[in-house]
Amino acid sequence: MSTYDASFRIWRGDAEGGSLRDFTVEVHDGEVVLDIVHRLQATQASDLAVRWNCKAGKCGSCSAEINGRPRLMCMTRMSTFERSETITVTPLRAFPVVRDLVTDVSFNYEKAREVPAFVPPQGVAPGAYRMQQVDVDRSQEFRKCIECFLCQDTCHVVRDHEENKTAFAGPRFLMRVAELDMHPLDAAQEAGLDRKRTAQEEHGLGYCNITKCCTEVCPEGIKITDNALIPLKERAVDRTYDPLVWLGNKIRRRADL
Amino acid sequence: MATGTEPPRLTGVHDPSRAAIAARHLRTDRWWLAPAVTAAGLLAFIVYSTWRAFANADYYAAPYVSPFYSPCLAENCQEMRGGPNLDLFGSWWGLSPALLILVFPLGFRLTCYYYRKAYYRGFWASPPACAVAEPHAKYTGETRFPLVLQNIHRYFFYAALPVAGILTYDTALTFRNDRYEWGHMGLGTLLFLVNIALIWAYTLSCHSCRHIMGGRLRHFSKHPVRYRLWGWVSRLNSRHMQLAWASLISVALCDFYVYLLASGTFTDPRFF
Ligand code: SF4
Ligand code: SF4
Ligand code: FES
Ligand code: FES
C-alpha cells in the first residue's frame with residue numbers, strides 16, 4: 001500500500017466566471033480521479049460541485065475533461081499518470097457550465113426528443129415481435145451507450161461552433177437514427193417517415209466530417225463513426241445522390257430490404 | 001459602433017455560457033504528433049506522385065509497367081508488348097498519359113472516408129485533434145459545395161474495380177522475363193504481388209463497398225449470402241486505415257522500382 005501527494009488543478013466557478021485552482025491531495029493505490037475529487041470535497045473544498053452516481057462507468061454521470069481529454073472520472077485510474085504530473089480537471093467544455101464540474105447537458109435531451117421514436121409495425125401485437133439475432137446485432141452495439149455525452153462534448157461541430165447546435169444532433173443521436181433505420185421492425189418508412197432523408201435534412205448528418213473524435217472518447221468502445229455514422233451517410237447517399245439505387249427502388253418497389 | 005478593434009465574437013469553447021477557460025485546449029499529451037505525421041506522409045506522396053505523373057518517362061521496363069501509367073490510354077504511350085496499352089484518347093493527348101488514369105485512383109482516395117479524416121485533421125485542422133479547438137470561425141462540414149461532393153465516393157469505388165483488375169493483369173505479366181517468355185520471376189514480381197494484394201484489400205475494405213455488399217439491408221436473415229459478404233468486408237474494413245497507408249506506400253514503391261529499372265540505375269534480380 002503506498003500513498004503520495006498529487007497536484008491537482010480543478011476548475012471552480014459558475015456561469016459568471018471562474019478559474020483553475022490548485023490543490024495538493026493524498027492519493028492511495030488503486031484510486032480513480034473521482035476518488036480524489038471526493039477526497040477534496042471531504043477535506044478541502046466541501047462545496048465543490050460534481051455529478052456522479054455509479055462509480056462503475058455505467059451511469060454516465062461523471063463526465064469531465066481530465067488533462068484536456070473528455071473522460072469518465074470514475075474510470076480514469078490515477079496509476080495512468082506520473083506521480084509528479086499536475087492533473088487538470090475541468091467541466092465539459094461544449095455545454096453551459098452550472099457550477100464547478102457540473103454542466104447543463106439539456107442540449108442532449110432536446111436532441112434526443114427531436115429523433116422520432118420507433119414506429120411499431122402494423123398488425124403485430126407488442127408481445128408478438130420476433131427478430132433474428134443477426135438482424136439486431138448492429139443495433140445492440142449502439143444500445144451499449146450509457147449516455148455520458150462525452151462524444152457530444154468532443155465533437156468539434158458543436159464544441160467549436162455554438163451556432164451549429166440548432167442544426168446538428170451530434171454523434172449520439174445520429175447513432176440513434178442509424179439504430180432505428182437498421183431496426184428490423186421499425187415501420188417508419190410505411191408511416192411516411194424516411195429516416196435516411198431526415199438524417200441529412202433534419203439532424204445535420206452532413207456536418208459530421210468523420211474525423212472520429214466521438215469514437216475516440218466513447219467509454220463503451222462503440223465504433224460510432226464506422227458502424228453508425230458512415231453507414232448512415234451511405235444510406236443517405238442511396239436517397240439523395242445515387243440515381244441507380246433510386247431507380248432500382250422505383251422499379252422494383254422494394255422499400256423494405 | 002464598429003471600430004474595427006473590438007475582440008472577435010467568442011464562440012466554441014470560449015462561448016460565454018461555457019466554463020471560463022482561456023486555453024484553447026488543456027491536453028498535455030503529444031496530440032500534434034498524429035496530424036503532423038499524417039500531413040508529412042501525405043505530402044511526401046503528393047510530391048513524389050506529382051513528379052512521377054508529369055515525368056512521362058521511365059515507366060516501363062519489360063515486363064514491369066508502373067502502376068501510375070496503367071492502363072496507358074493515349075497514343076504517346078510507350079509500346080508495352082501484351083501490356084496495358086489502351087489507346088482511347090488517340091494522338092491529340094500530348095501530356096503525360098498518367099494524368100488520364102490517375103484521376104480515378106486520386107478521386108477514390110480523395111473521397112475515401114479514411115483519407116477525408118486524415119486530411120481534414122492533418123491539413124485543415126478541422127479539428128487538429130480531439131478536444132483541441134479548431135482555428136476556423138465557421139464550419140459547415142460536408143453540407144455544402146464543394147465538400148458535399150464527397151458523397152459521390154461510391155462511384156469512384158465502382159471505377160476503382162476495373163483499375164484494380166488491370167493492375168492484376170499487369171501483375172500476371174510480371175511472370176514473364178524481359179524477352180516476354182512466361183514462367184519467370186524476379187524481385188519486381190514479388191513487389192507487384194504484394195502491391196496488388198494490398199490494392200485489392202484496400203479497395204474491398206471501402207466503406208461504400210461494405211454498404212453495397214450488405215450494409216444497406218435491414219434484414220440480414222433474409223439475405224444470407226450478402227450477410228456473409230458484408231461480414232468479410234466488415235472484417236477488412238476495420239483495417240481500412242492500415243490498408244490505405246500500406247497500399248499507398250506499396251504503389252509508390254512499385255513505381256519507384258520500375259523507375260530504377262527503366263532508368264538503368266538498378267537491374268532486376270531474377271529468381272528463375
Ligand atoms: S466523427 Fe462526426 S460526429 Fe463524430 S466527432 Fe467527428 S464530426 Fe463529430
Ligand atoms: S455513444 Fe459513447 S460517448 Fe456517446 S454518449 Fe454513448 S457511451 Fe457516451
Ligand atoms: S459515476 Fe457513473 S459513470 Fe462514473
Ligand atoms: S476507399 Fe476508403 S472508404 Fe471507400
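The values are calculated or read from the model by the stated rules, or taken from the named source; none is laboratory data. Note that the coordinates shown come from a computational prediction; the quantities given were computed from them, not determined experimentally. Positions of Cβ are backbone-derived with ideal geometry, glycine not excepted, and every protein chain shown enters the neighbour counts. The protein model used for the area step is the full one, side chains on, heavy atoms only, and it has no ligands, DNA or RNA in it. Shrake-Rupley method; radii C 1.70, N 1.55, O 1.52, S 1.80 Å.
Does at least one position in the stretch A:99-107 carry a residue that is over 21 Å from A:CYS214 (Cβ atoms), surrounded by fewer than 16 Cβ atoms within 10 Å (Cβ to Cβ) and in the same structural domain as A:PHE8 (by TED's automatic domain parsing)? The answer is no, given that none of the residues of the stretch A:99-107 is over 21 Å from A:CYS214 (Cβ atoms), surrounded by fewer than 16 Cβ atoms within 10 Å (Cβ to Cβ) and in the same structural domain as A:PHE8 (by TED's automatic domain parsing). Among the residues of the stretch B:163-210, those that are without any contact (Cβ under 8 Å) to a residue 40 or more places away in the chain, under 22 Å from B:SER234 (Cα atoms) and open to solvent by 50 Å² or more (accessible area, probe 1.4 Å) comprise B:ALA197, B:TRP200, B:LEU204. Of the helices (runs of 4 or more DSSP H) lying entirely inside the stretch A:132-199, those containing at least 3 residues that are over 16 Å from the mean Cα position of the chain (by Cα) and without any contact (Cβ under 8 Å) to a residue 60 or more places away in the chain span A:133-142. Taking (1) closer than 27 Å to B:PRO128 by Cα; (2) more than 10 Å from chain B (Cβ to nearest Cβ); (3) more than 16 Å from ligand 2 (Cβ to nearest atom) in turn, A:ASN209 satisfies each apart from (2).
Restricting A:SER79, A:SER19 to residues that are open to solvent by 40 Å² or more (accessible area, probe 1.4 Å), of a type outside the set (A, V, I, L, M, F, W, C), away from ligand 2 (no atom under 16 Å from the Cβ) and away from every other protein chain (no Cβ under 14 Å) narrows the list to A:SER79. Of the listed requirements (1) under 27 Å from B:ALA129 (Cα atoms); (2) under 22 Å from the mean Cα position of the chain (by Cα); (3) basic (Lys, Arg), A:LYS55 misses just one: (1).
Limited to the stretch B:99-148, what total is found for residues that are facing chain A (nearest Cβ under 9 Å), open to solvent by 40 Å² or more (accessible area, probe 1.4 Å) and touching a residue at least 24 places away in the same chain (Cβ under 8 Å)? The qualifying residues number 1. A:CYS148 meets each of the listed conditions (1) over 15 Å from A:ILE222 (Cβ atoms); (2) open to solvent by less than 40 Å² (accessible area, probe 1.4 Å) apart from (1).
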